[in-house]
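The structure under discussion appears below in the form of structure tokens.
What follows is calculated from the coordinates using simple rules that are stated; it is not laboratory data. What you see is a predicted model; the values in this text were computed from it and never measured. Please note: Cβ atoms are built from the backbone with ideal geometry, for glycine as well, and neighbour counts cover all protein chains shown.
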4 protein chains.
Amino acid sequence: MSNTFGKAFTMTTFGESHGKALGCIVDGVPAGLEIDEAYIQSELNRRKPGKSKLETARKEDDKVEILSGTFEGFSTGTPIMMIIFNGNQKSRDYDNVKDLFRPGHADFTYFHKYGIRDYRGGGRSSARETAARVAAGSIAKLMLKTLDVEIVSGLCEVDGIKADAYDFEHAKTSLLYALDPKVEEAQKDAILAAKNKHDSVGGVVVTVATGVPKGLGEPLYYKLDAILAEAMMGINAAKAIEIGDGIASTSLKGSQNNDGITPDGFTSNHSGGMLGGISNGDDIVVKTHFKPTPSIFQAQDTVNTSNEAMKFELKGRHDPCVAIRGSVVTEAMMALVLADMTLLNMGKKMQHLKDIYKK
Amino acid sequence: MSNTFGKAFTMTTFGESHGKALGCIVDGVPAGLEIDEAYIQSELNRRKPGKSKLETARKEDDKVEILSGTFEGFSTGTPIMMIIFNGNQKSRDYDNVKDLFRPGHADFTYFHKYGIRDYRGGGRSSARETAARVAAGSIAKLMLKTLDVEIVSGLCEVDGIKADAYDFEHAKTSLLYALDPKVEEAQKDAILAAKNKHDSVGGVVVTVATGVPKGLGEPLYYKLDAILAEAMMGINAAKAIEIGDGIASTSLKGSQNNDGITPDGFTSNHSGGMLGGISNGDDIVVKTHFKPTPSIFQAQDTVNTSNEAMKFELKGRHDPCVAIRGSVVTEAMMALVLADMTLLNMGKKMQHLKDIYKK
Amino acid sequence: MSNTFGKAFTMTTFGESHGKALGCIVDGVPAGLEIDEAYIQSELNRRKPGKSKLETARKEDDKVEILSGTFEGFSTGTPIMMIIFNGNQKSRDYDNVKDLFRPGHADFTYFHKYGIRDYRGGGRSSARETAARVAAGSIAKLMLKTLDVEIVSGLCEVDGIKADAYDFEHAKTSLLYALDPKVEEAQKDAILAAKNKHDSVGGVVVTVATGVPKGLGEPLYYKLDAILAEAMMGINAAKAIEIGDGIASTSLKGSQNNDGITPDGFTSNHSGGMLGGISNGDDIVVKTHFKPTPSIFQAQDTVNTSNEAMKFELKGRHDPCVAIRGSVVTEAMMALVLADMTLLNMGKKMQHLKDIYKK
Amino acid sequence: MSNTFGKAFTMTTFGESHGKALGCIVDGVPAGLEIDEAYIQSELNRRKPGKSKLETARKEDDKVEILSGTFEGFSTGTPIMMIIFNGNQKSRDYDNVKDLFRPGHADFTYFHKYGIRDYRGGGRSSARETAARVAAGSIAKLMLKTLDVEIVSGLCEVDGIKADAYDFEHAKTSLLYALDPKVEEAQKDAILAAKNKHDSVGGVVVTVATGVPKGLGEPLYYKLDAILAEAMMGINAAKAIEIGDGIASTSLKGSQNNDGITPDGFTSNHSGGMLGGISNGDDIVVKTHFKPTPSIFQAQDTVNTSNEAMKFELKGRHDPCVAIRGSVVTEAMMALVLADMTLLNMGKKMQHLKDIYKK
């Protein structure tokens, strides 16, 4: 079950970076949802690499196909299977890493957990797998859209260079999904400078959901904040998660941090749209911190599968800043969480059961 | 199922802050584990309030009793039920909050989710519930101890005052579980200063597990880092989670952040003891950021259940810094996660099945 | 998690037959359900032993207490914990079985699974545990009643003596919950005859739910029939389960077995109220076959924990026909399944989400 | 999650009878299992239709392909995805059923549950989906074989004609998987006679696992018998399940039904290889009763989606006795249950944890 995410609206994925295909089964989608295939493909296009020199030059077509669960353009309530065939399954680029463990990668731990070294580009641990998440997330987004929930994201920090203000409309057309046009060039320069030095940089993504009703989140061990933290921390290279003001809250006094309540709503949103792990009707705000890409083109110390010291020198093509494409993945994960919480919230009041039961 | 935590080693809890009792059922504990009841009680004593003027003056006895699942001092493989009866169930202190929502608390969201206002001290959303987590976590700790895993914690930051070095031995006897004796007095003063101004402060807890073997964590959607993030973010007042260097990683270059690998182990532990969501044999390091206690003794804007504007003035007794007692809860949550991951890891290699199957 | 039943409306139980207490946590109960404690106790009274000489003479008070999850007589949406303290925890009656395995009981398999012999009256495997199921089931029944679903049961067969017709009203007041007054005396005589010969008899229970709407059941691996089969087969001593005409269907032709459909409903109910694992609006009908009580007062061959041949002679007090009290347990299990399916069915149509989402 | 079966060794399936493809993701397979693709295909060939005139004449190629989870012929611990493309997706044969509900089929209930009539041959509810179960089950069988567990099956009854003795070797080569060569011709004649009258017959399958160790099954709500009952009852057209002697136990006395225990094992196997829901080391024996195929070529009463009375006359090609091919499916389901129970049993004794933990 560890390859299934969610409880009611679930995604189960399969596939390795250099296998024949990857994809997902999305289960729990309510019947009667219009499935816009062009939209799903457009989401995958936002994530796919090679759109600029800020990303890996690797070409992945990421053409998605739906194989089940829809009928005449609508969901039927049965599992929706989506598949992306890998055009290029050659493992050639990875021959030099066959017997050794790339520093900062999961090679070492997969080998120790499973006793097998699938050396083909990270296998299952490759960020290529996030294509399946984006496909599943796009179904969740379609469901949420019909309920007037929208999710946006962008980069608020690259290599320590921080955005002053967030412009999510700008981020949509920015090559690096930058939230602040004023620092965008500096952020871009930092990425390219690191790339030229065969190095990589980290970044921070802000993800926001608007239109979320009050009441989403299942206490005590399926709280909205806890599951968003799980969802985001599980993305490749994520190392820290903040809800609302997050770390900044730590230095505030209670009198500063509490959001006042008025008949017209909250006077501020330090909380990031939730209290006690349940949405309060305000915007859901999550920050995800991505470490610098571990794939760098400098010689590094490592060992091989026989635990002998080796020098590792990377070949191939890699993102100098994984946070950029990670931005799209955070939206997918937030959508999956909110779709799941929406379904789980359906049976919380007896009155709702009475309303729906015999319809 | 939202009141159950874990997949194989699970905790299911019940109880409200001012109900008759609270407690937990721990399921999945392997048979043959020695259950040291004095140890369990000692863990609860570490969490219980009133140990110093840095904490709420409220008295809670927190006497725990085991009602099932053990026989002659050992676990039997059946569910272990532990109960803590609430000595004082009077709701008197909370009469003034009966119809309104306390800012920064879950009152507002529980009301909107469930349609009911259980005004007795936060009901289920009260941090009092973490007593049940500590009880369950102490069973997990006992199991991990027999496998040579130890978990420690302490405060590295209070009201913005940061520790320079971490001394987990010192933290054990510090009234505020402070990690750095050099800043401990300043941290203590900050807490008391806020308390005197009827305010509260935030804090940051570091939690570390040592002796963890390689291989714990279930990719892709039950990764060790993701589930630790979920576990910690689900604690009352937690607002941000870092794994290893966390946020600091964001400003590093890949060449600085990657942990080199040698035949004798890793050359550094920026990663916090995991790669690809699987433990790498190094120390597991997690930071949990707690917001300042929302319960403050200043007048605040709020509304009542009829959405009319009200002024709220708190009565009662409250912790000026929830991070202190939160420290003990982070250990319990980490223990529950590691115990769960340990059981889930038992069937990952065919050879292990062959070794165990017919024993 | 193996001590949790259900997915959305769940019961987690604890307790051994001769431990301090047993009970359950019921999670997922919608908020706003009136919790009639007298009704819950009345259900437990129907199950408790010693009501006639057809049952064990053992006295169990089975006084149930609710410790959480309700407020002013209504469910709050938080876990409902119910506990039954065991009045008499003396293990005296079982001293003669301490080192050996009672034939037909779970002693042998628990010992091999867990490596521990908790000899106190079967420990966790004792049918005494079904008291917790009945308590949880009574909450499910209360929820279903508000939705106009009723569940009844009775014995249609004892020691091979079969009922010709089913009178569920009669069963309610019959000492053996007999469905057919015409064969009731013969059934009673069979039980007493076996009891006098220090033997035991089997029996068959029919359980029926009326008022169930169309649409309950989650294909493909949480079908209504499959989960009812699981629920019933999991009751102590159950050995066969039939849905609708069950085994009789096997000898019919398709033209005889298909239920015709008319604008006013089905022309027959061979199917037992479901098609493709989803309820069709007709009565849900399940038969549960109970083996004769394994506890008999004749010498039997067995081994001890050192695998040495022994003769076993039972002491104590036991039901000569477990099907009688099993009848009450089947109702509880059916109620739990239907309550669970009701909640799971809440998010199946997009229109329902739109109707409820922002309420 | 309702399209996922199992807890530790899981199968998640997708696909409709007339969609583009169907298949499954098998998760939890231990790493290092040799994956014999020819064996998997041979299992699918045993299930596929058209092998004799006792089955539907419909041609389904059922060519299975593995798209992930294996490396150099062995499982890697990552999800194994298997796909079967539907050669012929034409819905032509079903045009006459487009607006109405076929009696005895799930059309009626799917429509009421989901509000959609996917009329293409039953869509998701078609028995065609069992091909995915057989594919997943074949992986489970491969795992169990390495642990010396074998599963066999055959028909013990067709149209009321019962086998006297069970010859599982004979069943393997019998066109109808008949267990008793003495009644095989009579059973065959009954099937063909019904077919000629445009009718169908029921049948009963016996499924047996040998070599199962003591200790499989997770009390109290994931018992081996309960989950086998769920697994089998969930197969299309199943209406009754027996464990061991099942219904026959009901008429026995306790003194007859108890299996005596000796140092060399049990003196009989009335129990079907389990006590208290845990395997006892003896053969696991389950009977599954299949109703006659609802698809018959006689005019039947039904309604359409507007609830108007209609006569329905079937076209197309259908099995006159679904129990035949159902036999192969019971083996797959039993294998999935036993594989799941094997993994779940890995962490039941502290000693096992100590043995495996740091390996």
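Copy-to-copy label distances for residue D:95, where each label lies 7 Å from Cα along Cα-to-Cβ, are 5.7, 7.9, 8.4 nm in order of increasing length. Distant-in-sequence amide contacts of residue C:293, defined by a placed amide H-H separation under 5 Å and a gap of 5 or more residues or a different chain, comprise C:201, C:322.
Per residue, chain C reaches -8500 deg cm²/dmol at 222 nm when only DSSP H runs of four or more residues are counted, each adding -39500 (n - 2.57).
Taken over the Cα atoms of region A:4-357, the convex hull encloses 156 Å³ per residue. Relative to its residue count, the protein assembly as shown spans a Cα convex hull of 152 Å³ per residue.
For the rotation that carries chain A onto chain D, the axis lies closest to a Cβ at A:12, 2, where the number is the distance in whole Å. For the listed residue pairs A:182/B:162; A:253/B:311; C:20/C:98; C:253/D:287; A:214/B:223; C:59/D:253, the alpha carbons are over 23 angstrom apart in A:182/B:162; A:214/B:223; C:59/D:253. A cut-off under 10 angstrom between Cβ atoms defines the neighbours of residue D:156, and their net charge, with Lys, Arg +1 and Asp, Glu -1, is -1. Taking amide H positions as modeled 1.01 Å from N, with prolines and chain starts lacking one, the residues under 5 Å from residue A:274 and 5 or more places away or on another chain are A:280. For the residues of D:261-271, the average number of beta carbons from a partner chain within 10 Å of their own beta carbon is 4. The residues neighbouring residue C:78, those whose beta-carbon lies less than 15 Å from its own, together hold a net charge of +2 under the Lys/Arg +1, Asp/Glu -1 convention. A label point on residue C:317, set 7 Å along the Cα-to-Cβ line, lies at 4.9, 6.7, 8.2 nm from each of its counterparts in the other copies, closest listed first.
Placing one identical point scatterer on every Cα of region A:1-80 and ignoring solvent, what is log10 I(q)/I(0) from the Debye formula at q = 0.13, 0.18, 0.25, 0.27 Å⁻¹? Values returned for q = 0.13, 0.18, 0.25, 0.27 Å⁻¹ are -0.51, -0.89, -1.26, -1.32. Please sort through the DSSP H helices of chain A and keep those with an alpha-carbon extent of at least 30 Å along the long axis and a Kyte-Doolittle average not below -1.0. Within chain A the helices that satisfy the rule are A:323-344. Label-point spacing for residue C:299 across the identical copies (point 7 Å from Cα in the Cβ direction), in nm and ascending order: 7.2, 8.5, 8.9. Straight-line reach from residue A:195: taking Cα to Cα under 18 Å and skipping same-chain neighbours fewer than 8 places apart, the aspartates and glutamates in range are A:55, A:157, A:159, A:184, A:185, A:313, A:319.
The value given for region A:114-254 is a Kirkwood hydrodynamic radius of 17.7 Å, derived from the mean inverse Cα-Cα separation. Other residues whose C-beta falls under 10 angstrom from the C-beta of residue D:309 contribute a net charge of -2, scoring Lys and Arg +1 and Asp and Glu -1. Taking label points 7 Å from Cα along the Cα-to-Cβ direction, residue B:41 and residue A:169 give a separation of 6.6 nm.
Computed as a quarter of the hull surface, the mean projected area of the alpha carbon convex hull for region A:29-121 stands at 8.7 nm².
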